[in-house]
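The structure appears below as structure tokens.
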Protein chains: 2
Amino acid sequence: MSGRGLDAIDRLVELLSKLPGIGKKSAGRLAYHILDADPGYSRMLAAELAALHSAIRRCSRCGSYTEVDPCSVCSDPGRDGSILCVVERPQDIRVIEESREFRGRFHVLGGLIAPLEGVGPDKLTIGRLLSRIRHEGVKEVILALNPTVEGDTTALYIGKVLRDTDAEVTRLASGLPVGGDLEYTDRLTLARSFRGRVRL
Amino acid sequence: MSGRGLDAIDRLVELLSKLPGIGKKSAGRLAYHILDADPGYSRMLAAELAALHSAIRRCSRCGSYTEVDPCSVCSDPGRDGSILCVVERPQDIRVIEESREFRGRFHVLGGLIAPLEGVGPDKLTIGRLLSRIRHEGVKEVILALNPTVEGDTTALYIGKVLRDTDAEVTRLASGLPVGGDLEYTDRLTLARSFRGRVRL
């Protein structure tokens with residue numbers, strides 16, 4: 001808009017369009033929705049956003065986002081400290097927790113090895129992972145990394161580095177998604193599900 | 001998440017998932033993106049949201065959102081006050097302004113007639129439109145309403161109400177979109193484009 005009248009809306013649209021998956025059009029739709037909605041909503045959202053970075057820090061043990069350090073998983077005596085699940089990012093922990101399948105603890109790598117993007121093993125928390133394995137009596141390390149080129153590379157690298165420790169290294173199974181359809185499964189996933197086939 | 005550790009993130013996800021087109025998964029992605037991003041971003045977004053409803057009001061003349069009353073379009077002496085473009089919502093003005101096709105002024109209806117949803121003509125700013133036509137010397141009223149059942153109903157109703165005024169009432173052309181393909185055009189749009197055909 002040319003006029004002065006819509007400056008505050010323009011600035012909000014500009015900021016919202018920086019979010020992933022939100023283009024200029026969607027940002028406009030969101031801005032007008034917020035404007036049409038109860039002012040209490042934008043005030044609450046503003047308060048949460050303003051407090052976010054001071055409320056949330058990194059857990060000094062696992063590297064996840066947390067309000068208290070160590071985080072609730074690391075300080076929970078009910079969790080099995082002998083099994084460490086290694087994830088790329090804190091948000092991966094959220095998904096795994098929701099599946100209620102895993103009762104061990106976590107370790108956040110902070111990325112995946114990607115030479116083309118200049119991410120070497122030194123950028124990841126592999127040194128801290130090694131020291132945790134040695135000091136926390138870890139018996140199994142489950143690599144819960146994406147089944148992508150970067151995930152595979154990183155898994156192989158960590159597998160090699162951990163060879164000298166007493167911990168067994170495993171990786172999440174890759175194959176057909178539950179409820180999926182053979183016909184619509186891509187070639188690579190199908191190949192993996194053959195290689196990883198299990199006895200009935 | 002069960003633990004206390006992610007409460008601030010949970011609250012942000014909850015609030016973000018109330019936005020249109022943003023599900024729980026997308027809200028999570030947005031929240032972690034904001035968390036990973038520079039804290040300056042969330043602070044700026046928070047400030048804009050907190051100030052939004054006090055910065056933006058309705059223009060007392062056209063009903064659009066504005067920081068100053070009357071809005072920049074209504075107070076611009078360069079705009080042609082004899083042509084009024086009637087829109088459903090303030091965000092429609094944004095799209096029309098971007099097309100740079102229209103140099104008149106606007107009038108926001110605040111909705112469309114939808115009997116099933118309990119929206120009658122009395123909920124719209126038709127009375128104010130009539131008084132503007134009489135007091136501002138309006139010669140033409142362009143109805144820029146969506147080509148939907150509600151838009152058609154509202155256009156017909158306004159056309160009838162304005163019959164007693166001196167203003168000519170027109171409506172935006174409906175037909176094939178520019179760059180569109182006949183083969184993929186729906187039956188109703190095609191029918192309209194036939195009825196509205198123009199001489200070369």
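The values are calculated or read from the model by the stated rules, or taken from the named source; none is laboratory data. Nothing here was measured: the structure is a model prediction, and the numbers come from that model. Here Cβ is always computed from backbone atoms with ideal geometry, including for glycine, and neighbour counts include all displayed protein chains. Accessible surface areas use protein heavy atoms only, side chains included; no ligands, DNA or RNA. Shrake-Rupley method; radii C 1.70, N 1.55, O 1.52, S 1.80 Å.
Some observations on this one:
- Subset of segment B:130-142 (residues that are over 16 Å from B:Asp80 (Cα atoms) and touching a residue at least 12 places away in the same chain (Cβ under 8 Å)): B:Leu130
- Selection of segment B:90-102 for residues being facing chain A (nearest Cβ under 9 Å) and crowded, with 19+ Cβ neighbours inside 10 Å yields B:Pro90, B:Gln91, B:Ile93, B:Arg94.
- When A:Leu129 is tested against (1) surrounded by 20 or more Cβ atoms within 10 Å (Cβ to Cβ); (2) of a type outside the set (Val, Ile, Thr); (3) not assigned by TED's automatic domain parsing to the domain that holds A:Val178, only condition (3) is not met.
- For segment A:132-145, a residue qualifies if it is in a strand (DSSP E or B) and either open to solvent by 60 Å² or more (accessible area, probe 1.4 Å) or more than 15 Å from A:Phe106 (Cα to Cα) (or both), but none of them does.
- Scope segment A:30-59; condition in contact with a strand residue (DSSP E or B) (Cβ under 9 Å, 6 or more places away or on another chain) and more than 8 Å from every other protein chain (Cβ to nearest Cβ); matching residues: A:Arg57, A:Arg58
Conditions tested, residue by residue: (1) part of a helix (DSSP H, G or I); (2) at pLDDT 95 or above; (3) of a type outside the set (Lys, Arg).
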residue: A:Ile96; (1), (2), (3): yes, no, yes
residue: A:His107; (1), (2), (3): no, yes, yes
residue: A:Leu129; (1), (2), (3): yes, yes, yes
residue: A:Ile158; (1), (2), (3): yes, yes, yes
residue: A:Thr170; (1), (2), (3): no, no, yes
residue: A:Gly179; (1), (2), (3): no, no, yes
residue: A:Leu188; (1), (2), (3): yes, no, yes
residue: A:Arg192; (1), (2), (3): yes, no, no
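- Conditions (1) touching a Phe, Trp or Tyr at 6+ places or on another chain (Cβ under 8 Å); (2) within 11 Å of chain A (Cβ to nearest Cβ); (3) in contact (Cβ under 8 Å) with a residue 24 or more places away in the chain: number failed by B:Val87: (2)
- Boolean, B:Leu52 is of a type outside the set (Lys, Arg), farther than 24 Å from A:Val13 by Cα and surrounded by 15 or more Cβ atoms within 10 Å (Cβ to Cβ): no
- Criterion (outside the structural domain of A:Leu156 (by TED's automatic domain parsing) and farther than 24 Å from B:Cys59 by Cα) met by exactly one of A:Cys71, A:Cys85: A:Cys71
- Scanning segment B:69-80 turns up no residue that is open to solvent by 40 Å² or more (accessible area, probe 1.4 Å), of a type in the set (Val, Ile, Thr) and within 8 Å of another protein chain (Cβ to nearest Cβ).
- Residue in segment A:133-152 that is within 14 Å of chain B (Cβ to nearest Cβ) and either under 27 Å from B:Asp10 (Cα atoms) or within 18 Å of the chain's Cα centre (by Cα) (or both) present: no
- Residue pairs meeting the criteria (Cβ under 8 Å; at least 6 apart or on separate chains; first assigned by TED's automatic domain parsing to the domain that holds B:Pro147, in segment B:178-198; second open to solvent by less than 80 Å² (accessible area, probe 1.4 Å) and part of a helix (DSSP H, G or I)): B:Leu182/B:Leu190; B:Thr185/B:Ser193
- Taking the listed residues B:Thr170, B:Thr165, B:Thr148, the one that is touching a helix residue (DSSP H, G or I) at 6+ places or on another chain (Cβ under 9 Å) and open to solvent by less than 100 Å² (accessible area, probe 1.4 Å) is B:Thr165, with no other qualifying.
- Verdict on A:Leu16 being in contact with a Leu (Cβ under 9 Å, 6 or more places away or on another chain), open to solvent by less than 20 Å² (accessible area, probe 1.4 Å) and either of a type in the set (Asp, Glu) or at the interface with another protein chain (Cβ under 7 Å from one of its Cβ atoms) (or both): no
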